[in-house]
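S.K.: Quick one: this structure, given as structure tokens, is what I'll be asking you about.
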Amino acid sequence: MQGRNDKFEQELLQMAEQEKLITPDTVYDRINDTLVSLKKRRKPLHMTWKKSVILAAALIALCSITVTAAVNALQQRMEAMNEKEMEAYFVQIYENQIGADNYNRPFTEAERKRMEDLNTSYEEEALFPSGMLTMLSKPEDYKGRGVGFYGRTATFFFPEDELSDEELLQVIDFRHKRDYSLLAVNEQIEAGEKDFPEEEIAKEKEQIIEATDQEVLQSEAVWDPAQELTIPYTGDLSMQLIAAGTDCLFLTGASEIHKMEIGSSDSKLFFDDFDTRTVVTALYQDHKGDIYLGLLERTDEEEYDKITLAGEKYKRSIWILDAEGKIKKKIDLSGSNVPGEGHSHVSRIVADEQGYIYIRTGYASNALLWVLDSDGNFVKEITSETYRSHFMGGLGIGKDGKVYTMIEFPDLYNRKMGIASVNLEKGTLEDVYEAIVPEGTIMLDIIAPGADTDFVFWGYDGIFTYNLGEESAVNILPAYEAPCQWEGCLYCALPDGRIVFVSCTEYEKDEEKQTVYRIPEKTCFYYKSGLREP
């Protein structure tokens, strides 16, 4: 969306230059003030709706001072919408919990090119569609013909065949009307001509919750590696981390852990019996159901290896809970014989079938991992003379039961990434599969069993699958085709090989703690298949 908005902005400026128009600098300020003053809109936008509205406002400003018949026709088309229609667009945008348009398939390159040309014709030549796209009550209503739009998740549904000019114009028309409606209703509210539609938005939210519950009950998607879901979150946790359990999702927030059923829209408190303010930095559930937590615990103790966050001191530790959330063991890593720089928190943690705990805590020495026994005693460093593991690199258990770690060459100009299994007895790497992702890949995180492959990985370039012995991994979901914003989203891999993304469109800041939180009501879960073969 960012690229589209930037191009849109360039086109507006080009239009202004071609028409020899002077666009007032106050347009942007006025629209920004309108949005800021909107009732209940007290929190900063994280995605690009705001910029879209400002750009749309610039277009409307151009329309209002351009004398061409085509632009006047466009303005008349926008103004021809009745109050009910504009309010419907406004409510849909305001309640949209995803914050960006989604698509059941990407545009083809040919469609993108025609879309650009048709958008210009729409704005400058009054080339309008003869019909409108179909508004869908639920995704299942789309039967593969024409263009449909499902408002709750802002998803466009396209047919498999190439979109016609008429269908592309319907998409363009819909976007223009939506942006115009948001601006117009905002201005009416600011001018006191209209009340903020609280009742309509409340009804919409209630319908969202009911529809989501029905979809989850009907989907039977608890363990289906091919099932893909988009589910707005209806719980109340501001999430900091997510992790897959053996049959659920674990969500962590400030000093609390929630548990959520696969495919559900809500989460329930699972554990909050911490001794002090605590940050969960890593979470893993083993095949027995025990839960291993990497923690930063708030402390007033004065020791050399404390970690400072927002001016407060924390110590690193590991807690082990049983499947019911009862504390089995607390392991204090602060000042212990576990190597590692004190400022490095536990970023990755797994446990093998024998109960050995593998952790990564930072860039200390040349160790890739540190291994503890089930009582928290230091056992061994895992080292390599050839490779290193990034602090945030993946760590997981393969289908063969071995522990695998992400590896890379330490040379700044040769950072090709791969994976390797761990030989605990020798304290070294065993099976090495180097340079299996394209050169230039920034990171390999999530090392987990795939649905129809040995492994599934998350990387900054997308989702990869890999079979041991293959020359290279296969990118099954490029980052640019992701259902949500890639940078900054939370993610984990389910036992059935699906990848779960959690994306938030709005954040709020705790000024006192200097911390940014995800707003639960603007958070959405995306389940994506990890199958190599659809």
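The values are calculated or read from the model by the stated rules, or taken from the named source; none is laboratory data. It should be emphasised that the depicted structure is a prediction, and the values quoted were computed from it without experimental measurement. Here Cβ is always computed from backbone atoms with ideal geometry, including for glycine, and neighbour counts include all displayed protein chains. These area figures cover heavy atoms from the full protein model, side chains too; ligands, DNA and RNA do not enter into them. Shrake-Rupley method; radii C 1.70, N 1.55, O 1.52, S 1.80 Å.
S.K.: Residues in the range 436-451 that are surrounded by fewer than 16 Cβ atoms within 10 Å (Cβ to Cβ) and more than 20 Å from the chain's Cα centre (by Cα): how many?
M.R.: Keep residues of the range 436-451 that are surrounded by fewer than 16 Cβ atoms within 10 Å (Cβ to Cβ), which gives 438-440, 442.
Checking which are more than 20 Å from the chain's Cα centre (by Cα) leaves us with 438-440.
Residues in the range 436-451 being surrounded by fewer than 16 Cβ atoms within 10 Å (Cβ to Cβ) and more than 20 Å from the chain's Cα centre (by Cα): 3 in total.
S.K.: Conditions first: (1) open to solvent by 60 Å² or more (accessible area, probe 1.4 Å); (2) closer than 22 Å to ILE349 by Cα; (3) over 23 Å from the mean Cα position of the chain (by Cα). ASP454 passes all but one, so which condition is the exception?
M.R.: (1)
S.K.: A further question follows. Consider only pairs whose beta carbons are under 8 Å apart and that are at least six residues apart or on different chains; among these, list those whose first residue lies in the range 425-445 and is touching a residue at least 60 places away in the same chain (Cβ under 8 Å) and whose second residue is of a type in the set (Gly, Ala, Ser) and not in a loop (DSSP other than H, G, I, E, B).
M.R.: LEU429/ALA420; LEU429/SER421
S.K.: Applying the selection to the range 257-278, what residues are under 21 Å from ILE331 (Cβ atoms) and surrounded by fewer than 21 Cβ atoms within 10 Å (Cβ to Cβ)?
M.R.: PHE270, ASP272, ASP273, PHE274, ASP275, THR276, ARG277
S.K.: Okay, moving on. Within the range 117-131, is even one residue at pLDDT 90 or above and within 18 Å of ASN102 (Cα to Cα)?
M.R.: no
S.K.: Here is a check on your reading of the model: is LEU118 hydrophobic (A, V, I, L, M, F, W, C), open to solvent by less than 30 Å² (accessible area, probe 1.4 Å), closer than 24 Å to GLN76 by Cβ and in contact with a Gly (Cβ under 9 Å, 6 or more places away or on another chain)? Spell out the reasoning first.
M.R.: Values: hydrophobic (A, V, I, L, M, F, W, C): yes; open to solvent by less than 30 Å² (accessible area, probe 1.4 Å): yes; closer than 24 Å to GLN76 by Cβ: yes; in contact with a Gly (Cβ under 9 Å, 6 or more places away or on another chain): no.
Considered against the rule, which asks whether it is hydrophobic (A, V, I, L, M, F, W, C), open to solvent by less than 30 Å² (accessible area, probe 1.4 Å), closer than 24 Å to GLN76 by Cβ and in contact with a Gly (Cβ under 9 Å, 6 or more places away or on another chain), LEU118 comes out as no.
S.K.: On the basis of being of a type in the set (Asp, Glu) and at pLDDT 90 or above, does ASP510 make the cut? Walk me through it before giving the result.
M.R.: Working: of a type in the set (Asp, Glu): yes; at pLDDT 90 or above: no.
For ASP510, the condition - of a type in the set (Asp, Glu) and at pLDDT 90 or above - is not met.
S.K.: With respect to TYR433, determine if the residue is open to solvent by less than 20 Å² (accessible area, probe 1.4 Å) and farther than 27 Å from ILE327 by Cα. Walk me through how you get there before you give the answer.
M.R.: On the way: open to solvent by less than 20 Å² (accessible area, probe 1.4 Å): no; farther than 27 Å from ILE327 by Cα: yes.
When the stated conditions are applied, TYR433 does not pass them.
S.K.: For MET135, all conditions in the list (1) in contact with a Phe, Trp or Tyr (Cβ under 9 Å, 6 or more places away or on another chain); (2) hydrophobic (A, V, I, L, M, F, W, C); (3) crowded, with 17+ Cβ neighbours inside 10 Å hold save one; what is the number of the exception?
M.R.: With respect to (1) in contact with a Phe, Trp or Tyr (Cβ under 9 Å, 6 or more places away or on another chain); (2) hydrophobic (A, V, I, L, M, F, W, C); (3) crowded, with 17+ Cβ neighbours inside 10 Å, MET135 is out only on (3).
S.K.: Looking at ALA479 and the list (1) farther than 23 Å from CYS248 by Cα; (2) touching a Phe, Trp or Tyr at 6+ places or on another chain (Cβ under 6 Å); (3) buried (at least 18 other Cβ atoms within 10 Å of the Cβ), which single condition is not satisfied?
M.R.: Going through (1) farther than 23 Å from CYS248 by Cα; (2) touching a Phe, Trp or Tyr at 6+ places or on another chain (Cβ under 6 Å); (3) buried (at least 18 other Cβ atoms within 10 Å of the Cβ) one by one, ALA479 breaks only (3).
S.K.: Related question: If you scan the range 97-141, which residues turn out to be part of a loop (DSSP other than H, G, I, E, B) and charged (D, E, K, R)?
M.R.: First, pick out the residues of the range 97-141 that are part of a loop (DSSP other than H, G, I, E, B): 97-101, 104-108, 126-133, 137-138.
If the condition is that a residue be part of a loop (DSSP other than H, G, I, E, B) and charged (D, E, K, R), then ASP101, ARG105, LYS138 are the ones that fit.
S.K.: Another question, then. Provide a single number: the residues in the range 463-476 that are buried (at least 19 other Cβ atoms within 10 Å of the Cβ) and not polar (S, T, N, Q). It would help to see each step written out before you state the result.
M.R.: In the first step, residues of the range 463-476 are kept if they are buried (at least 19 other Cβ atoms within 10 Å of the Cβ); the result is 463-466, 473, 476.
From what's left, not polar (S, T, N, Q): 463-464, 466, 473, 476.
Of the residues in that region, 5 qualify.
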